[in-house]
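The values are calculated or read from the model by the stated rules, or taken from the named source; none is laboratory data. Values in this document were obtained by computation on a predicted structure and should not be read as measured data. Quick reminder, even Gly has a Cβ in these numbers, built from the backbone with ideal geometry, and neighbours come from all protein chains shown. Remember, those area values only see protein heavy atoms, side chains included, never the ligands or the DNA or RNA. Shrake-Rupley method; radii C 1.70, N 1.55, O 1.52, S 1.80 Å.
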Amino acid sequence: MSKHLISTISTAALISVLAFLPALRGQTGPPTSVDDIKVDTWNSRPLHKPAYAGIKPATAPRRDLSGIWDATGDAAGGAAPGVQNTGAHEYPAVLPGNNNPPGGEPDESKIPRHLPYSSLGEATLKAHKPTGMGVRSVPAVLGNDPLNVCDPPGFPRMELYEFAILQIVQNADQVMLLNQFFRTWRTIWTDGRGLPKNPEPRFYGYSVGKWLDDYTFVVETVGLDERTWIDNAGRPHSSELRVEERFHRVDHDNMELTVTINDPKMYTEPWMALNKFPLRLQPRSFDIREMYCVPSETAQYNQDIGDPSVAPESK
Amino acid sequence: MRNKLGTVSFLAVSFVAAALPLFAHHGNASYDTEKTVTVKGVVTDYIWANPHVFLKVDAKDDSGNTLHWMIEAQNIIAQSELGWTNVMFKPGDQVVIDVTPVRNGRPIGRFRGRIVINGQEFKPLPR
């Protein structure tokens, strides 16, 4: 009788301990899903490696890119990979061994990885005066980067400069990309339509997408406005530019983005601006901070800092 | 001219390991990246804006004249990542700030690391 009582009590005790285990694990153990990680409720900052180091990501859902994705990645003390202020991630306009060149070079002949410019491409590049961190950079007010007057970055530059947070939303007919920088969005049609013939140029072009397999979504974009630059180093494009994006969902928390530039007028062959560039899923509660280029703020910056910093010497 | 550019590149290479900014919307072209100036003074204005957050500080030079310093940081997202906020500085704050100055001698610079606000050193968030 008493033996039975002891075993009942032991069982009850064991059950209560087991019942509490998940709660205990939640408090003290590593997170098991990215959604277990707390972020700032408003204006959230993206998570970096230490925050999600213990997570073993689940398998990716089929044919689903939705979520809030971080492209800033793990900077390891340097610039966040998504910022790309010396140009597209795969072709930075830097000097060998120096990712922070002083600028002022007449061309890109000294950079480690050369782009296959056509003669028109090379000439158009020279007409573009970038003001970022690349080898050809000039002081802010001497440049002609369309972003310096807050013109739209356009596509593909939205993925090749200040690429930070990208929210993806899907419905039956579209995949929507909502991008933090400039608060821009793109519609990728998945309703079976083809790309337009002789389209009127648009800053973000015309995009259609299809699933190559359950985890790989391929997007083709045409009809891009020639006034935009491809990246922060002033890489040019013509209206014949065709861009392929390949979103490959590796697992639940990780995606890779490959962007291929194909513009036969400016380049003698296609080139990959991003090659399996990592995007990291953020918690569902992540709140995207706004990021605008504000013309009046830019004017104030130029008046207070940009113009006087290149004015003649003064003592 | 080519020689001069070559020298500048070489010096920049040798300096890159030191405390250069994390990244910048605008490049180094107008900055003397080999120099550090310590600005000690009083905040007169703080502009939390894009493409650049910047701070105005009144500081005395060696002769006792007041210089109106303009010190620029990067954009709002980049600064938030480092733990900066829109209320981090306020007019009247006593500050000590290390800056990379512009080449033309004007009191304009870029934050390059040390920031002390009313005696407290500001520690950026780790990345």
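With Cα atoms defining each centre, segment A:265-315 and segment B:62-127 are spaced 20 Å apart in the structure. What separates the Cα centres of segment A:104-135 and segment A:185-228 is a distance of 27 Å.
Accessible area of residue B:99 (1.4 Å probe, protein heavy atoms only, ligands and nucleic acids ignored): about 0 Å². The alpha-carbon atoms of chain A, seen along their principal axes, cover 97, 60, 38 angstrom, with the largest extent given first. For segment A:121-223, trypsin sites (Lys or Arg not before Pro) are listed when DSSP marks them as loop and at most 13 other Cβ atoms sit within 10 Å of their Cβ; the list is A:183, A:193, A:197. The modelled label-to-label distance for the pair residue B:37/residue A:268, using points 7 Å beyond Cα in the direction of Cβ, is 4.7 nm. Along chain A, the exposed loop sites are GluC sites (Glu not before Pro) outside DSSP states H, G, I, E and B with at most 12 other Cβ atoms within 10 Å, and the longest stretch free of them is A:1-289. In this structure, residue A:170 and residue A:42 have a Cβ-Cβ separation that, at R0 = 30 Å, corresponds to a calculated FRET efficiency of about 0.75. Using every pair of distinct Cα positions in segment A:244-315, the Kirkwood expression returns a hydrodynamic radius of 16.9 angstrom. Convex hull volume per residue, computed on the Cα atoms of segment A:190-315, equals 209 Å³.
For residue A:49, a cut-off of 24 angstrom between C-alpha atoms picks up these lysines, skipping any fewer than 8 places away in its own chain: A:38, A:276, B:123. Average accessible surface for the protein assembly as shown: 48 Å² per residue, computed with a 1.4 Å probe over protein heavy atoms with every protein chain in place. With K and R counted +1 and D and E -1, the other residues having a Cβ less than 9 Å from that of residue A:204 yield a net charge of +1. Accessible area ranking (1.4 Å probe, heavy atoms, ligands and nucleic acids excluded), largest first, for A:287, A:307: A:307, A:287.
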